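The values are calculated or read from the model by the stated rules, or taken from the named source; none is laboratory data. From a predicted model like this one, the values you see are computed outputs, not experimental measurements. Cβ coordinates were reconstructed from backbone atoms using ideal geometry, including for glycine residues, and neighbour counts include every protein chain displayed. These accessible areas exclude ligands, DNA and RNA; they are computed on the full protein's heavy atoms, side chains included. Shrake-Rupley method; radii C 1.70, N 1.55, O 1.52, S 1.80 Å.
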Amino acid sequence: MVAVQLLGSLGLLIYGMRMMSEALQKMAGPQLRHILSKMTTNRVTGMLTGTLVTCAVQSSSATTVMTVSFVSAGLLTLAQAISVIMGANIGTTLTAWIMSLGYNVDLTSVVYPSFLLGIMLIYRKRHRFVGDFLFGTAFMFLSLVLLSSAGKSMDLEHNEAVVSFFASFDTSSHLTILAFLAIGTLITCIVQSSAAVMAITILLCSTGVLPIYLGIALVMGENIGTTATANLVALGANTQARRAALAHLLFNVFGVVWVLIAFYPFVNMVCHIVGYDPSMGGQTAKLPVVLAMFHTCFNVINTAILIWLVPQLERAVCWLLPVRQEAKEKEEFRLQYIQSNLVQTPEIAVLQAQKETAAFGQRVSEMFGLVRTLFHESDAKDFGELFSQIEHEEDTTDRMEIEIARYLEQVSDGHLSDETKQKIRQMMREISELESIGDACYKLARTLDRKRESGMEFTSHQTEQLQALMMLCDQALSQMQTVMHGHRSDHDIRETYRTENDINQLRQQLKAENVRAVNDREYDYAVGTLYVDMINELEKLGDYIVNVVEARFGK
């Protein structure tokens, strides 16, 4: 039963921290994205930002995964990401201090009021995320109380078999330290929670059975193992994201290496700060504090050393992970900003989807540019190549719509804020309309292909009028691009409505002129049919553009 209580307490700890972290991310929402993307002007502010965000969300893994997502979406440079990750390592030391507090202070007085207030807020829709945060905090504190209770129930300090087992290890040997470091790394990689490993280590040390040197070796291993989360998430991401995750690993490995070189003097210095003598027995109450102090000193000193070597660390990861050859990247279609395995934080995932949707808009705009070039192309070979390119682009836009929609559906499965749900609905509408723009471009290209194959030619007046209509559509696409790239304040939606009205009026005028021209036999009916097909498709394209702009404005 004690073993079950121990495992259950660890599970409750992991769940409580995850619940607290997710609630904070939902409460912060756009503000958290703004902090990470804007407050990284230099390496020092980036480091401080990473520290503050990690202290807030109580999870270095959450901060690191968000940072990797930002790098993948092109919102942070690699150098900025490295400094944020360094700060995340400092921020996560707060967790160790909270745990050490749990073994020295009775937290039950905090747990029950948090549960009571949390459940009241959860049932008030407006403050439900605050309630989730309080519930997560209460679960975390309750798990620490249960862990402390389980530790006392196990009575390990009087268990001769356990005491003799740990006493059999030579704490003065670097091989023993390396072995426990490897164990800490392995366990952290398996359970995917450095907090759980830290809790186990504090539990064993607080009972007095695990020597402080071996406990600190486990903590060092936990620092390496915690990098596994970001590296696993980044496996299917782009090169820059994988480099950011690798930088996290190199940062912690570098720290472990220099601590191993000066291991015993460094640990003795930390013990001296706390007032603990490793050569004397007893004093078990101070051991959780020693572990928390070591964790803090390790990460602060490591950051203080490497914060000035960010360019060198950046060059190292770029050398270890070179960019793939452009030819290989073009062989297979791949979204630029979205990687399905990065759906970790819904708020960040939505931002990536917005970037991808903007790239989708850029793509269909360029596709229309190909149509305009095709309209003037007279050489059969060049015409055929351009038409094939447009055909390929139409297939790509179909796949982009499906993949972005699938990604948004994955994000929708999580617990989202009302604002995020609204953004997802808007993007679903946007990608549908953008795909329709791609279809319209392809239909225009097919009409021009039919005209070429039939040997018919537009009159100079028809050509001029179609060029004028295309110019208006191009103007509407430019307005759409301004809005989609996050500059809504730079655009008045009434300008889009005026452009659409100009397109509609010109469409009506040209269709009326076409009826008159066909009746007056200025050109035959077949040419007129192709002409009207072009006019109608361009007018539809204008409607699709307006729909995209309206969706982005939330209308």
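Restricting the first member to the range 48-64 and to residues that are at pLDDT below 70, and the second to residues that are part of a loop (DSSP other than H, G, I, E, B) and open to solvent by less than 30 Å² (accessible area, probe 1.4 Å), the beta-carbon pairs closer than 7 Å and six or more apart or on different chains are Ser60/Thr92; Ser60/Thr226; Ser61/Thr226; Ala62/Thr345. Output yes when any residue across the range 29-43 is open to solvent by less than 10 Å² (accessible area, probe 1.4 Å), out of contact with any His (no Cβ under 8 Å at 6 or more places or on another chain) and modelled with pLDDT of 70 or more, and no when none is. Checked the range 29-43: no residue is open to solvent by less than 10 Å² (accessible area, probe 1.4 Å), out of contact with any His (no Cβ under 8 Å at 6 or more places or on another chain) and modelled with pLDDT of 70 or more. For the range 392-399, the criterion of being touching a helix residue (DSSP H, G or I) at 6+ places or on another chain (Cβ under 6 Å) and under 15 Å from Ala358 (Cβ atoms) is satisfied by at least one residue. Of the set (1) surrounded by fewer than 18 Cβ atoms within 10 Å (Cβ to Cβ); (2) at pLDDT 75 or above, all apply to Gly74 but (2). For the criterion of being open to solvent by 40 Å² or more (accessible area, probe 1.4 Å) and over 41 Å from the mean Cα position of the chain (by Cα), Gln462 fails. Scanning the range 365-384 for any residue that is over 30 Å from Asp533 (Cβ atoms) and touching a residue at least 12 places away in the same chain (Cβ under 8 Å) turns up nothing.
Inspection of the range 515-532 finds no residue satisfying the criterion of being open to solvent by less than 30 Å² (accessible area, probe 1.4 Å) and closer than 21 Å to Ser365 by Cβ. The residue list Arg429, Arg494, Arg498 contains one member that is surrounded by fewer than 17 Cβ atoms within 10 Å (Cβ to Cβ) and touching a residue at least 60 places away in the same chain (Cβ under 8 Å), which is Arg429. Here Gln389 passes the criteria (1) modelled with pLDDT under 90; (2) farther than 19 Å from Val548 by Cα; (3) open to solvent by 70 Å² or more (accessible area, probe 1.4 Å) except the one numbered (1). The criterion of being farther than 17 Å from Leu477 by Cβ and open to solvent by 40 Å² or more (accessible area, probe 1.4 Å) holds for Arg450.
Yes/no per residue for (1) of a type in the set (A, V, I, L, M, F, W, C); (2) within 33 Å of the chain's Cα centre (by Cα):
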position	(1), (2)
Tyr264	no, no
Asn268	no, no
Ile273	yes, no
Pro288	no, no
Val310	yes, yes
Ala316	yes, yes
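Considering every residue within the range 534-543, establish whether at least one is farther than 19 Å from Met470 by Cβ, among the small types (Gly, Ala, Ser) and either outside any loop (DSSP other than H, G, I, E, B) or open to solvent by 20 Å² or more (accessible area, probe 1.4 Å) (or both). Walk me through it before giving the result.
First pass over the range 534-543, keeping only residues farther than 19 Å from Met470 by Cβ: none.
Checked the range 534-543: no residue is farther than 19 Å from Met470 by Cβ, among the small types (Gly, Ala, Ser) and either outside any loop (DSSP other than H, G, I, E, B) or open to solvent by 20 Å² or more (accessible area, probe 1.4 Å) (or both).
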